[in-house]
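Here is the structure we will look at.
The values are calculated or read from the model by the stated rules, or taken from the named source; none is laboratory data. All figures in this text were calculated on a predicted structure; none of them were measured in a lab. Please note: Cβ atoms are built from the backbone with ideal geometry, for glycine as well, and neighbour counts cover all protein chains shown. Just the protein is used for accessible areas: all its heavy atoms, side chains included, with ligands, DNA and RNA removed. Shrake-Rupley method; radii C 1.70, N 1.55, O 1.52, S 1.80 Å.
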Amino acid sequence: MKNALLLVDVQNDFTPGGALGVPGGDEIVPIIDDYIDLAQAARMIIIASRDWHPPETKHFRQWGGTWPPHCVQGTRGAEFRPDLRLPKDAWVVSKGMDPNEDAYSVFQATAPDGAPFKDLLQRLWVGRLFIGGLATDYCVLNSVIDAAAIGVQTTVLADAVRGINLAPGDIERAIAQMVAAGASLTVLNRFSHCLHTP
Ligand code: VGL
């Protein structure tokens, strides 16, 4: 089974100045770029998810949801951060297109050919995900929980995630929940070593 680097929602709207700017979300982009370099050197599969909403969805406050409008399909806010050095052969998966679901997990995302994320992982023989991006307490958390449920191992890139903390303590609780679900944690200077250990 193969290792994959999963970069969650590193989009303009989720970084400061964006419609739903996650505090410190911009700081992780250069760190993620360093992970990308190491992942490419290790010939890992690289997958980037994006939140990709229609203009009207129950995910947004105006239609009964929690959030201000963000990552609307085709807008600048929905684009990946310009400083994210995503390789040309990275897989891009999209989520949040259904106006009736929040889609906090990448397991609700689909590949460009419409294949569910889980099928993409199976097709690419991915058995372990190294996950960084935004936001710790939503998409990262729910993705790790869903991965654990189907036996995909997860390692959270602790220096390359940031959270929203809508309620104080959300980020800490999210980390604790992910660890309880079986996730391990790593940081950049231990990443290469970590690729070869369970
Ligand atoms: C997310 C908040 C609102 C996420 C999406 O992908 O983490 N968080 N919408």
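Tell me the mean residue ellipticity at 222 nm calculated for the chain from its helices only (DSSP H runs of n ≥ 4, each -39500 (n - 2.57), averaged over every residue, nearest 500).
For the chain, the value works out to -7000 deg cm²/dmol.
With the contact rule set at Cα under 8 Å and sequence spacing of 6 or more, what percent relative contact order holds for the chain?
It comes to 24 percent, rounded to a whole number.
Summarise the accessible area of the chain (1.4 Å probe, protein heavy atoms) by the percent that is carbon and sulfur.
The nonpolar share, carbon plus sulfur, comes to 53 percent.
Among DSSP bridges having both ends in the chain, what percentage is antiparallel? Round to the nearest 5.
10
Using a simple spin-label model with points 7 Å from Cα along the Cα→Cβ vector, what separation in nm is obtained for Asp37 and Cys194?
Placing both labels 7 Å along Cα→Cβ, they lie 1.8 nm apart.
If the viscosity is 0.890 mPa s and the temperature 25 °C, what translational diffusion coefficient in µm²/s does Stokes-Einstein give for the chain when Rh comes from Kirkwood over Cα pairs?
Taking Rh from Cα pairs, D becomes 148 µm²/s.
Compute and list, largest first, the equivalent-ellipsoid semi-axes of the range 1-54 from the alpha carbon gyration tensor, each √(5λ) rounded to a whole angstrom.
The answer is 24, 14, 6 Å, longest axis first.
At 7 Å along Cα-to-Cβ for each site, give me the label-to-label distance between Glu27 and Lys2 in nm.
Taking the two extended label points, one gets 3.4 nm.
Taking 0.36 nm per residue of sequence separation and subtracting the Cα-Cα distance, how much length would be gained by fully extending the chain between Val179 and Glu101, in nm to one decimal?
25.5 nm
Among Thr66, Thr186, Ala176, which residue has its Cα positioned farthest towards the positive end of the charge dipole of the chain, with +1 placed on the Cβ of Lys and Arg, -1 on the Cβ of Asp and Glu, and the dipole taken about the Cα centre?
My answer, from the dipole projection, is Thr186.
Out of Asp119, Asp102, Asp26, any idea which swings most in a Gaussian network model of the chain, alpha carbons joined below 10 Å?
Maximum among the listed residues: Asp119.
Fully extended, how many nm does the chain gain between Gln122 and Thr66 (0.36 nm per residue separation, minus their Cα-Cα distance)?
Roughly 16.9 nm would be gained on extension.
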